[in-house]
Each structure stands twice: as structure tokens, then as C-alpha cells.
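Chemist: Before anything else, here's the structure in question.
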Amino acid sequence: MANVTFRNVHKAFGTYVALENLDLDIRDGEFVALLGPSGCGKSTTLRMLAGLDFPTRGEILIGDRVVNDLAPGKRDIAMVFQSYALYPHMTVGENIGYPLKKRGIKGRAREEAVQKAAALLQLEPLLDRKPKQLSGGQQQRVALGRALVREPQVFLLDEPLSNLDAKLRSYMRAELIELHRRLGKTMVYVTHDQLEAMTMASRIAVMHAGLVQQFDTPDAIYNRPANRFVAGFIGTPPMNQIEGAVDGGDFVVAGHRIPIDRTAFVDSLRDGPAVLGVRPEAITIATGEGLPATVRLAENTGHETIVTLELPDHSRIAARVEAARRLDVGHNVALRFDPAAIHLFEATENGARLNRDETPASVIPMRSK
Amino acid sequence: MTAIATNIPKSATPPLERAYARLGVLLIAPTILVFSLVIVYPLLAAIYLSVFSIYTPTLQGGFVGADNYIELLTGKAFWNSLKVTLIWTVGTLTLQIVAGVGLALLLHQNIWFRSLARSLVLFPYFLSTVVAVLVWKWLFNDLYGALNQGLMQLGIIDMPLDWLGSMPNAMIGVILVGAWKFFPFVVIAVLARLQTIPENLYEAARIDGAGPIARFFDVTLPQLRSVLTVIILLRAIWDFKEFDLLYLLTGGGPVTSTQTLSLLVYQEAFGLNQMGQAAAYSVGMMLVMLVFMVLYIRQTKEKNA
Ligand SMILES: Nc1ncnc2c1ncn2[C@@H]1O[C@H](COP(=O)(O)OP(=O)(O)OP(=O)(O)O)[C@@H](O)[C@H]1O
Ligand SMILES: [Mg+2]
């Protein structure tokens, strides 16, 4: 059993609080992504799990064992660093075999394990090379090989793909998914790239300012964001957030009324200031009835067009339309929102979502800075 | 094909490249000139002098052919001094490296007095040799020296030792002072290299199950290898021809027990006024040093390749 548990973990560097109230329950064999903007504490979380940093408070468990005081080498984990951290003077084969060597595995047994890992990652022809003589993608695979040669219980990966070019990255993404499926080991994957998190992870912990904002499946993160931060972080472009007020069966923005279905929201929803969230693809651009807006920019990416629209209150939102659609800049249009795709949030800085959902998301309010 | 094409000379260097070559020669000319004046000329002069018997004060004397070299090969002086030089070089260099690397590793740790210690360590290197030798001579003094005093109080010796006046104490003494004077160079060079070793490598090694000793041998030492080779070669060359420290501390004595080749050359030229013989010794010394030089050049070439 290699589930991983963070129990009320705090981490402070001097007076700076990097993480607080971290509670994560990662199941055995799960692929979990830690996703968030730079400096939110992803690496710190991973390094504490690896034993390279120590929590100021709280417990970390691997399986049923509290590992707080266990040396990194004794935790039965392996880590892939963003910089790969390959030993420069050792060959690829020696690099991969090193964790085994340090555990006293000798001769044929070690050689066979190295061969197996090399075969899995197609590194066989490179075994005698030094890291300096490898491309970025090859080095990345060697780092992976060194991690999986010893078949640890938990794999930790800290932005392992961030040094690769886009093409290689998407290739390695597929490789990692495949690898996880084959090995069935617990993997904790740090990234600031939402595409990686969405495509690879079974669950994503979205982090911001030292707090986990939401820990859920990619689907839930996308469709039922816990709060305004998650809504504004996931999606390219992310969910539009329109400030206004709830008034009976309508959401009012700059004097214009957008009908909403009050039964879709929590009972505590009151009339008054709120934020309406709507994804760019849930907006229909038409004429006549609807929220008036002016086209400000139309960016055609080839398979779709992202339209930037200015609302009567001069705020801007994005809409996604098919690539063939011609929209002239400066044109006045009317916007209609898919009623089923309307989210409401509290009007605070990181307001919680107010929709009534089957599964309530684990919501932790953003720390006031 | 066409007239234009045939007009271009086939294998000649392009004019621009030729202009660059001329500029290059112009730019290195001053260096070559100075180099010739201060290195090539004295070198040739030494070789020239070494086949004469010359009285230093008058610089007069006659051609003697290979006589000086025969004396070098058959006499005791050169070989004795070569042996002394090698003992001194190996001894002091070993101590410098061991103490230097050890201290560099210590200063690389996060200790509270680190920045103070880092500047203090440089002290012996910056101290003028004359001052350093005076201090050490006072410490070594057999009548009132602090060293004997300390050793006696600790019960290690029960009679004051004659540190610089007898063997092997004199050799041990100069080796110790040499190590003390020059180990900061090793500390600084090794420390600079240590700071460039990525922290990630140590973290990876810890996760891979390597303890502190394994981390030293598997991560630190391989990374220090190239810098250590250069340090050892450079220090070996410098220690081999070290003059002022030995001259001031023992003057080569007792008798010739600490007379290195540099001291021998000096003694021959200005003590015995035999400039020709001294030149022959210095040519012999240069040939020995050539070995170090070849090693050094090969090492630096390897790194650039
Ligand atoms: N050793 C340290 N001393 C002081 N502060 C630190 C230290 N390590 C990290 N921090 C701080 O803790 C916060 C979280 O850092 P962390 O490295 O976990 O961020 P991250 O989410 O991995 O960001 P990135 O995507 O840029 O890697 C940052 O604000 C960082 O400045
Ligand atoms: Mg990070």
C-alpha cells in the first residue's frame, strides 16, 4: 500500500509561510498533479514528501508509516528533478544503476534491472554515453530510468517536462501516461502547465498562495471550480468573470439583465453583489436580444477564433467561436449565455462558487495577503 | 562557364580573412616582443652562459664546452638538491592539498562563522613572505620559541627541539611553513568549484540512498577532479621553484639539507661566483620542470577538447 497522506502540514521559511493547512489524501496507484502558479508551494510540497525539506508542523504518511523523520533514501520513493540531476561523470548505465548500487544490489541482478529500465525507456543504445552527450529528452528519460529502476512505491516528479520543446513534451506526456498505466504506482506530479495536469492526472490539487484551492478530478476542476481562483486559472482562455448583482431571477450587469435559474444555486444565495462565471465556449455571439457588447479583437488560431468583447461596463471577456466566423472589430453584438453553463461566485476576491452540485468541492478560502 | 566565374582565384584565402590575419599578427606583436625580452632572451642567455666558466663579479671567463654539464651529472650537488626539491615539493604539496580540500569542505558548510573564516583563511597567502618567515622563525626558536614551549607543556617532548638547525626537523619545518603559506590558494580554488556543484545532485544522491561519505566520493570528488588536477600541477610548478621562503627560513641549511635547486643556483651564482655553473644547473632545473609543463599543457588541452 502506498497511499500518501498530508495531515495538516504547515511549512514556513523563517517568517514566510509557504504552505498552510495542507491536507491531501492520495490513493495507492493514483496519478496526482500539483498544479498552480509559480511560488504557490508545489515544489515545497513534493520536497517535503521526498524528505528534502521538513514540515514545520503536521504529519506526512506514506502507506501507514509516518515518514517525517525518515531519511530520503529510506522512504521508498524516487524523484525526477526538473533539472534531471544526472551524475555528470557517470555513464547512462551507471546513472540508472546508482540507486541499486547504493542498496547493495550487485552484479547480474543490477545489470538486468538496468537493462530492463533501459529497454522500457528505449535507452539501450545510449547506456555507455555520458549525460553531456545526450539531448534534453534523452536526459529526461535517463532521469526517469534512474527513478523507476528500483521500483519504488511512490514516484515524485517536479516539472519533468518543462525543459523540453513542445513536440517532445507532448510525446513524453503520452509516454508517462503509458508508464503509469503499466507500473500502477502512485505518482505525484508537479506542474504549472494545466494541459499536463488535465491530460495526465486522475486528480489535480490546484494550489495558490500556499493553500490547496481544490483537489478533484480534471472534470470537476474544469466544470465545477471551487472558487474564483480555480475558475480563473483553468482553461485557455480561462472562465470569464463578470461582476454584477443578483436580483430575483436575474443577474444584472451594467443595467442589463441575464436570466438565471435560482434553483441551480445554493439556498444561501441572496440578492446583491456577485460574480457570474461563464466559459468562453458557452457564449453565443448574435444580434438583437442579449447582453450588448463590442468586438475588440478576434484571434484566429486556425481551428477556432478567440473573440475579445467589451461589455457596457468596459470590462472585457473572451468568447470562443468557430474559425470561419467573421467578426469585425468595433461591431456591436449581443451575447447569450448557455443557462446550464452559468456559474455564480461570491463577490469577494476569491469568492466560493455558489452552484448547487452533486458533489460539493473541497473549498478552502484564499488567504488574505 | 562565364568570364566572371573564372576571374575568381580558386583556392586563395578570401581578402577579408587575410586582413583579419594581418590584424591578428599586429595585435599579438607587443606580447611576443615582451615575451621575447623577458623569457626567450634570458633563456637563451642561460644556455649560452652554461658553456662558459664565468666569474660573476666581472662576468669574464672562457669557453669550457660541456664541463659544467659534466659537473652537473657527475657531482653530488645537483642530485642532492634535486632530491631535496622533490621531498620539499611532494611534502608541502600533499599537506596543502589535504588541508586545503578539508578546509574548503568545512567552509562550504553552513557554519555560523563562515564568512569570517573565509577571509581569515586567506591571511597566510596575503602575508608577505618576509613577515611570515620572521613570525615562524620566532615560533620555531629553540630558546624562546612558542612551539617548543607548547609541545613541552603538552608533554609531547621533554627537551626543546632545534627546529631549523637540524635534520629532519628543518625539512619538516619548511614543509609545514610552506603548507601554511600556500594552502589558502587550494581552499579558494576548491571552494569556488564546490559552490558550482548543483545542490540537486546531492539531493538526488540522498534519494538514491547515498550517505554522506558516498555523496563525497560519488558527487563531490568527481566534480573536483579537474580543478584538483590543475591546482596540483600549478602548485607543483610553483613549489618546485620556490625560493624566498626557503632562503629566508633556513638558507638551505643545515649545510645543504634544505637546499633546493633554486637555492643551489643562487648559491652557485652569487655565493661561489660561478655564473656558468649556475646557468648549467638552472638549465638542468628547467628540463625537470619541463615535465610538469608538458603535463599541465596536456591537461588544459584535454579540457578544451
Ligand atoms: N529555501 C527557501 N527559503 C525561503 N523561501 C523559500 C525556500 N524555498 C521556497 N521558498 C518560498 O516558498 C514558496 C513556495 O516555493 P516552491 O518552490 O514550492 O514554489 P513552486 O510552486 O514550486 O513554484 P515554481 O513553479 O516556480 O517552481 C515560494 O514563495 C518560495 O519563494
Ligand atoms: Mg517548483
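Chemist: Out of the residues in segment A:64-78 that are open to solvent by 10 Å² or more (accessible area, probe 1.4 Å) and in contact (Cβ under 8 Å) with a residue 60 or more places away in the chain, which is farthest from ligand 1 (Cβ to nearest atom)?
Modeler: Taking the candidates together, the pick is A:Asp64.
Residue by residue, here is whether (1) away from chain B (no Cβ under 14 Å); (2) more than 27 Å from A:Met239 (Cα to Cα); (3) away from ligand 2 (no atom under 16 Å from the Cβ); (4) in contact (Cβ under 8 Å) with a residue 40 or more places away in the chain holds:
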position: A:Leu168; (1), (2), (3), (4): yes, yes, yes, no
position: A:Arg173; (1), (2), (3), (4): yes, no, yes, no
position: A:His180; (1), (2), (3), (4): yes, yes, yes, yes
position: A:Lys185; (1), (2), (3), (4): yes, yes, yes, yes
position: A:Tyr189; (1), (2), (3), (4): yes, no, no, yes
position: A:Thr199; (1), (2), (3), (4): yes, no, yes, no
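Chemist: With A:Ala71, A:Ala50, A:Ala33 as the choices, which residue is more than 18 Å from A:Gly145 (Cα to Cα) and facing another protein chain (nearest Cβ under 8 Å)?
Modeler: Unique residue meeting the criteria: A:Ala71.
Chemist: Condition check: at pLDDT 90 or above and away from ligand 2 (no atom under 16 Å from the Cβ). Does A:Met207 satisfy that?
Modeler: no
Chemist: When the residues of segment A:228-244 are filtered to those that are open to solvent by 30 Å² or more (accessible area, probe 1.4 Å) and touching a strand residue (DSSP E or B) at 6+ places or on another chain (Cβ under 6 Å), which remaining residue is nearest to A:Thr305 (Cα to Cα)?
Modeler: Only one residue fits best here, namely A:Pro237.
Chemist: In segment B:254-267, which residue that is more than 21 Å from B:Ile237 (Cβ to Cβ) and touching a residue at least 40 places away in the same chain (Cβ under 8 Å) is farthest from the chain's Cα centre (by Cα)?
Modeler: Across segment B:254-267, the extreme among qualifying residues is B:Pro254.
Chemist: Taking the criterion of being of a type in the set (Gly, Ala, Ser), under 16 Å from B:Ser81 (Cβ atoms) and part of a helix (DSSP H, G or I), would at least one residue in segment B:230-239 satisfy it?
Modeler: no
Chemist: May I pose another question? I need a count of the residues in segment A:36-55 that are more than 16 Å from ligand 2 (Cβ to nearest atom) and exposed (fewer than 15 other Cβ atoms within 10 Å of the Cβ).
Modeler: Adding up the residues that qualify gives 1.
Chemist: Given the conditions (1) open to solvent by less than 40 Å² (accessible area, probe 1.4 Å); (2) away from every other protein chain (no Cβ under 14 Å); (3) part of a helix (DSSP H, G or I), report the number of the one that B:Ala192 does not fulfil.
Modeler: Result: B:Ala192 passes all but (1).
Chemist: Kindly provide the set of residues from segment A:249-302 that are among the charged types (D, E, K, R) and open to solvent by less than 50 Å² (accessible area, probe 1.4 Å), ordered by number.
Modeler: Answer for segment A:249-302, where residues must be among the charged types (D, E, K, R) and open to solvent by less than 50 Å² (accessible area, probe 1.4 Å): A:Asp250, A:Arg279.
Chemist: Let me ask another. Considering each residue of segment A:89-110, count those that are within 13 Å of chain B (Cβ to nearest Cβ), in a helix (DSSP H, G or I) and not charged (D, E, K, R), and give that number.
Modeler: Adding up the residues that qualify gives 6.
Chemist: Run down A:Leu176, A:Leu195 and say which single residue is in the same structural domain as A:Leu46 (by TED's automatic domain parsing) and surrounded by 18 or more Cβ atoms within 10 Å (Cβ to Cβ).
Modeler: Residue meeting the stated conditions: A:Leu176.
Chemist: Limited to segment A:137-163, what total is found for residues that are among the aliphatic types (A, V, I, L, M) and within 16 Å of ligand 2 (Cβ to nearest atom)?
Modeler: Of the residues in segment A:137-163, 4 are among the aliphatic types (A, V, I, L, M) and within 16 Å of ligand 2 (Cβ to nearest atom).
The values are calculated or read from the model by the stated rules, or taken from the named source; none is laboratory data. The model shown is predicted, which means the values in this text are computed figures rather than measured ones. So basically every Cβ, Gly included, is an ideal-geometry build from the backbone, and we count neighbours across all protein chains shown. Surface accessibility is based on the protein's heavy atoms, side chains included, excluding ligands, DNA and RNA. Shrake-Rupley method; radii C 1.70, N 1.55, O 1.52, S 1.80 Å.
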